[in-house]
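**Q** Provided herewith is a single structure, encoded as structure tokens, for subsequent inquiry.
Just so you know, all these numbers are worked out from the coordinates, no wet-lab data involved. Everything quoted here is computed from the prediction, not taken from an experiment. Neighbour counts run over all protein chains shown; Cβ positions are idealised from the backbone, glycine included.
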Amino acid sequence: MVHQGGCHCGQVRFAVRVPAALRVQRCNCSVCRMTGFLHLIVPASCFTLLSDAAALSEYRFNTGVARHLFCRHCGIKSFYVPRSNPDGYSVNLNCLASATIASVEIEDFDGQNWEQHGASLAGLSRDAP
């Protein structure tokens, strides 16, 4: 199934190829908690940027590994390259069009204690067999 999504103003558009039934992570770290980001981690091969990358702005903090990408125009972070899966993308469920989503299972993730729990997310960006 191909799901499409993007930012608030429409300058950033993307598509992800994943099932209609989704499993996402709700992280309690400061950034995710404040922005309401719900993580759908996908392989890079399942993600397509449909708009010009020039519409994106980048923010890095702490270790500098995660590439937080925002729309330069409206400020929405609809996806980013996560520290846990630098070979993939974490798409914000809240930025996907709901028409193609059959169901959503939300798992809580303790991002406040990243060093103890981060490894549990590793591998979510691997291509499905």
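**Q** Which of H39, H68, H117, H3 comes first, and how do the rest follow, when ranked by fewest Cβ neighbours within 10 Å?
**A** H117, H68, H3, H39
**Q** Counting other beta carbons within 10 Å of each Cβ, put V104, V18 in order, fewest first.
**A** Listed from fewest to most nearby Cβ atoms, that is V104, V18.
**Q** Which are the unpartnered cysteines of the chain, meaning those with no other cysteine Cβ under 4.7 Å from their Cβ?
**A** C29, C46, C95
**Q** Moving on. Can you compute the charge dipole magnitude of the chain about its Cα centre, using +1 on each Lys and Arg Cβ and -1 on each Asp and Glu Cβ, nothing else charged? Give it in debye, rounded to the nearest 20.
**A** For the chain, the charge dipole is close to 260 debye.
**Q** Shifting gears a bit: Write out the chymotrypsin sites (Phe, Trp or Tyr not before Pro) in the stretch 1-85 meeting two conditions: DSSP loop, and at most 13 other Cβ atoms within 10 Å of their Cβ.
**A** F61
**Q** Next question, about the same structure. Just for the Cα atoms in the stretch 2-121, what are the lengths along the principal axes, largest first, rounded to whole Å?
**A** Dimensions of the stretch 2-121 along the principal axes of its Cα atoms: 36, 31, 26 Å.
**Q** Hey, another quick one. Just name one of A15, S125, A54: the one whose Cα is farthest towards the positive end of the charge dipole of the chain (beta-carbon charges, Lys/Arg +1, Asp/Glu -1).
**A** Going by the charge dipole, the pick is A54.
**Q** Compute the separation of the alpha-carbon centres of the stretch 1-59 and the stretch 95-129 and state it in Å as a whole number.
**A** Result: 11 Å between the Cα centres.
**Q** Let me ask something additional. Report relative contact order for the chain in percent, whole number only (criteria: Cα-Cα under 8 Å, sequence separation at least 6).
**A** 32
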